[in-house]
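Below is one structure, written out as structure tokens, with a few remarks after it.
Quick note: the coordinates plus some simple rules give every number you see, no bench work behind them. Worth saying up front: this structure is predicted, and the values here are computed from it rather than measured. Note that each Cβ is placed from the backbone with ideal geometry, even for glycine, and that neighbours are counted across all protein chains shown.
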């Protein structure tokens, strides 16, 4: 019972954090295009976090598939991100320092990614349906 309360509390706090990230993303932009980009970064971060959470907690029958797909995906994503982030940061530093917009968007993505990953990780790890034990099945049939 206490574990369920802790899980619900964690999900409630995560929902608040994600909701605030979407609200902040929508309220920060100067025009509708920037606001939409900020909200889409939150959605994209949540989706990528969802994928990461599933790759971190595979079920037994998914383990071999996830290890193969996860390794290839991790290699691609890290290579792509490192290739794209370095020129972006260099351009920002040459323009006179880090732009607040870049920092805000990075945080929006990071918060959404973290909440998405934690929601799936916790759900798959702690709310997984447990198979019935033989004694429980025998007691239920009587």
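Okay, here's what the table says:
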read-out	value
Rounded Å value of the spacing that divides the Cα centres of segment 4-27 and segment 42-76	22 Å
Rough spin-label spacing in nm, given labels placed 7 Å along Cα→Cβ, for residue 24 and residue 12	2.2 nm
Rough spin-label spacing in nm, given labels placed 7 Å along Cα→Cβ, for residue 59 and residue 43	2.8 nm
Reciprocal mean inverse distance between Cα atoms of segment 1-89 - Kirkwood radius, Å	15.9 Å
